[in-house]
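Participant: This structure is in structure tokens; I'll ask about it shortly.
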Amino acid sequence: MSNVFAIFEQRIKEFVQQLDLKSDVELNLSRITVEPPRDPAHGNLASNAAMVLAKLAKQNPRAIAQLLADKLSDEPNVTNVSIAGPGFINITLSDEYWVHHLKEVLDQGKSYGGNATGDGLKVNVEYVSANPTGPMHVGHCRGAVVGDALANLLSFAGYDVTREYYTNDAGGQIEVLARSAYLRYREALGEDIGAIPEGLYPGEYLIPLGEALAKQHGEALLKADDEDWLPIVKKASIDGMMGLIRADLAALGVHHDVFFSERSLHKVENGSSPISRTVDRLTEMGLVYKGTLPPPKGAKPDDWEDREQLLFRSTDVGDDMDRALKKSNDDFTYFAADVGYFHDKFDRGFKEMILILGADHSGYVKRLEAVGRAISDGASKVTVRLCQLVKLFREGQPVTMSKRSGNFITLREVVDEVGRDAVRFMMLYRKNDAPLDFDFAKVTEQSKDNPVFYVQYAHARVYSVMRQAARDMGDLDISPNALKKADTSLLTDDGEIGIIKKMAEYPRVIDSAARSHEPHRLAFYLYELASLLHSQWNKGRDLPDLRFIHQENAPLTLARLALVYSVSCILASGLAIIGADAPEEMR
């Protein structure tokens, strides 16, 4: 097991069970954690065990801490155990422990840090799911990156992950799209359409769609009635926009396993649709009734009507109000489609369903989580993660408009200007629920202040060192197999040990980021690891004894190359999860 923190957490829990802690209730050990202390001067590991147990056992936390400290002090490679504050247990491990741990990184290479946290649990991550009415914009970009990186992270952590896109192809916006495309079709046939009417989509991205319709149908659609041409143009518009969206996402390195069509939920076969069958199931469960909803405070939601309606008892499963399932014309509401969709996911065997939504969907969180509880009777979990807005700047000045889209900056424009790697890394360099400022100038500068450059440069620097070693010490075998056999006990500098300690945090970062659905933790960690590597390299410029390559000392050179090669493995692994390249050379 490579997770140092998990190893000691398990050891402490074993010690707790050996203590004679009398308690009126069963001691809950699940809240015991072991993590890096906030101040490295306090040691290598810190545990809250004593404080977690004190209230349950009705004992002084420092007294419990002392009992655990006595046991931990006898553990191999533990050089010091101290008690701080109200009862934190701080543990210091020997340098020998850390240099031995480096062997695990070398043995596992880029797979180091991957673990069985997920234990094969089936997880569905739904992200982007933008209406197919135009190209991706920068707001979609953040959700796409967060969702894709989270899916990569969960997969690396041992979950069985499906990446899904829910295509909203059944709503009124599709008719608006079709009528907008039909206008461009008339334009392609030579008609002067003038200004785009208010309410239709004005973007130039619809011009190629209109031209394709004109090429395929000639003037036939001009002579057809609305009910005849509208279905044809609707289908062509959805197909065209989804092709555009797929291409935009591919430029960002995002590829979904499933594109789920909302229309399929409304399709009636043998007298019923997936939505109606789900409503019938909820009715049998006693979760559907006829009633009226009180007028909501503030703005009225789309599904509120002042009449008796078919309602879902979502308040019984954690929502703040019941929800309408049918409109006055007897059509199912958008919420009913959500219900049918989650039922489909549950039938596909997903035990956890994660949705990445924009912050403007915050009002949907409780109702979606309630749907998950109801559909699965608590067997599956729905988790919603919201992404805050992205503000674009160019050298500090706001950027807001795009000729191509009509009124927003497209995802493709951002990727084309600064590159996929910069976009993906910077979209993760803030927590998803915090606003993000994205400056085109800053994300392309080559400096420490540009995190993606700094991390990629660290990876490239390792390979530069390896090339220099091959050039200057041609007789030295520096293959990965040879590095695994290096005498890592020769690594004694504090900076070298510090790098190993930081690498040893990687499995814990993967585990905690996967459990909390927070891939931004990985971006922060990679920057910290890269910073330590650059710092050690810079120390070698001033102190020749600390340089990575010593032509007169092959064993020490091999040990230091093993160290920096291990760093490159973790950087490459983390960058792959983020969705960025790990270059071997940068100019």
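Participant: Would it be correct to say that Ala116 is of a type outside the set (Phe, Trp, Tyr) and over 30 Å from Leu68 (Cβ atoms)?
Facilitator: no
Participant: Take the residues of the range 131-182 that are aromatic (Phe, Trp, Tyr) and out of contact with any strand residue (DSSP E or B) (no Cβ under 8 Å at 6 or more places or on another chain): which is surrounded by the fewest Cβ atoms within 10 Å (Cβ to Cβ)?
Facilitator: Phe156
Participant: Still on this model: May I ask you to say which residue of Lys381, Lys366 is in contact with a Lys or Arg (Cβ under 9 Å, 6 or more places away or on another chain) and closer than 30 Å to Leu282 by Cβ?
Facilitator: Going through Lys381, Lys366 in turn, just one is in contact with a Lys or Arg (Cβ under 9 Å, 6 or more places away or on another chain) and closer than 30 Å to Leu282 by Cβ: Lys381.
Participant: Another one. Considering only the range 432-487, how many residues are assigned to a loop (DSSP other than H, G, I, E, B) and more than 30 Å from Leu556 (Cβ to Cβ)?
Facilitator: Residues flagged as assigned to a loop (DSSP other than H, G, I, E, B) and more than 30 Å from Leu556 (Cβ to Cβ) within the range 432-487 amount to 11.
Participant: While we're looking at this one, here's another question. Could you please find all residues in the range 355-368 being surrounded by fewer than 20 Cβ atoms within 10 Å (Cβ to Cβ) and of a type outside the set (A, V, I, L, M)?
Facilitator: Gly358, Asp360, His361, Ser362, Gly363, Tyr364, Lys366, listed by residue number.
Listed here are the residues, each with its yes/no results for (1) touching a helix residue (DSSP H, G or I) at 6+ places or on another chain (Cβ under 8 Å); (2) within 19 Å of Ile499 (Cα to Cα).
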{"position": "Val81", "(1), (2)": "yes, no"}
{"position": "Gly85", "(1), (2)": "no, no"}
{"position": "Thr92", "(1), (2)": "no, yes"}
{"position": "Tyr97", "(1), (2)": "no, yes"}
{"position": "His101", "(1), (2)": "yes, yes"}
{"position": "Leu106", "(1), (2)": "yes, yes"}
{"position": "Gly109", "(1), (2)": "yes, yes"}
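Participant: Turning to a different aspect of this structure: As an exercise: evaluate Tyr341 against (1) in contact with a His (Cβ under 8 Å, 6 or more places away or on another chain); (2) within 16 Å of His266 (Cα to Cα) and give the number of the one condition it does not meet.
Facilitator: (1)
Participant: If I go through the range 95-130 residue by residue, how many of them are assigned to a loop (DSSP other than H, G, I, E, B) and surrounded by fewer than 17 Cβ atoms within 10 Å (Cβ to Cβ)?
Facilitator: Total satisfying the criteria: 4.
Participant: Could we say that Arg515 is surrounded by fewer than 19 Cβ atoms within 10 Å (Cβ to Cβ), not in a loop (DSSP other than H, G, I, E, B) and not hydroxyl-bearing (Ser, Thr, Tyr) here?
Facilitator: yes
Every number in this text was worked out from the coordinates using simple rules, so none of it is lab data. The structure presented is a predicted model; accordingly, all values stated were derived computationally and were not measured. Note that we place each Cβ from the backbone using ideal geometry, even for glycine, and neighbour counts take in every protein chain shown.
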